[in-house]
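Shown next, in structure tokens, is the structure this report addresses.
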Amino acid sequence: MSSSLIEKLKFNLQEKKYPLFEDEELQMLLENNDNDLNKASYAGCLMKADANDGIEIAGIKIASNRDYWLSLAKQFKKISKPCYKTSMKRVDEI
């Protein structure tokens, strides 16, 4: 049984443990990223990193988990190889 892209995106964004998005928002996130799961996961992690989830109650401060989401986002970002083009020819090919 194959999972839908939405279910895979929920898994990548850990929506069970850290819910933030509705299904419609996840669908829009996929559509805005050409239905590419890695791109949508990357964008979703960045959005979760921007969420203000740090709190302070009665002088007790709980830090945001922004760094966690940014490090998770790195796992989904495609590393593009540099594409260097030159018009120069090798000396031994002239």
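The residue pairs whose first member lies in segment 70-94 and is in a loop (DSSP other than H, G, I, E, B), whose second member is at pLDDT below 70 and not aromatic (Phe, Trp, Tyr), and whose beta carbons are closer than 8 Å, counting only pairs six or more residues apart or on different chains, do not exist in this structure.
When segment 1-28 is filtered for residues that are touching a Lys or Arg at 6+ places or on another chain (Cβ under 9 Å) and under 18 Å from LEU70 (Cβ atoms), the ones remaining, listed by number, are LEU13, GLN14, TYR18, LEU20, PHE21.
Taking the criterion of being at pLDDT 75 or above and surrounded by fewer than 11 Cβ atoms within 10 Å (Cβ to Cβ), the residues of segment 51-73 that qualify are ILE57, ALA58, GLY59, ILE60, LYS61, ASP67. For segment 32-47, check the following and say yes or no: at least one residue is in contact (Cβ under 8 Å) with a residue 40 or more places away in the chain and within 15 Å of LYS10 (Cβ to Cβ). Yes, there is a match, as at least one residue in segment 32-47 is in contact (Cβ under 8 Å) with a residue 40 or more places away in the chain and within 15 Å of LYS10 (Cβ to Cβ).
Under the condition of being of a type outside the set (D, E, K, R), more than 14 Å from GLU7 (Cα to Cα) and surrounded by 15 or more Cβ atoms within 10 Å (Cβ to Cβ), the residues counted in segment 21-50 number 7.
The values are calculated or read from the model by the stated rules, or taken from the named source; none is laboratory data. Just so it is clear, the structure is predicted and the values come from calculations on it, not from any experiment. Virtual Cβ from ideal backbone geometry, glycine too; neighbours counted across all protein chains shown.
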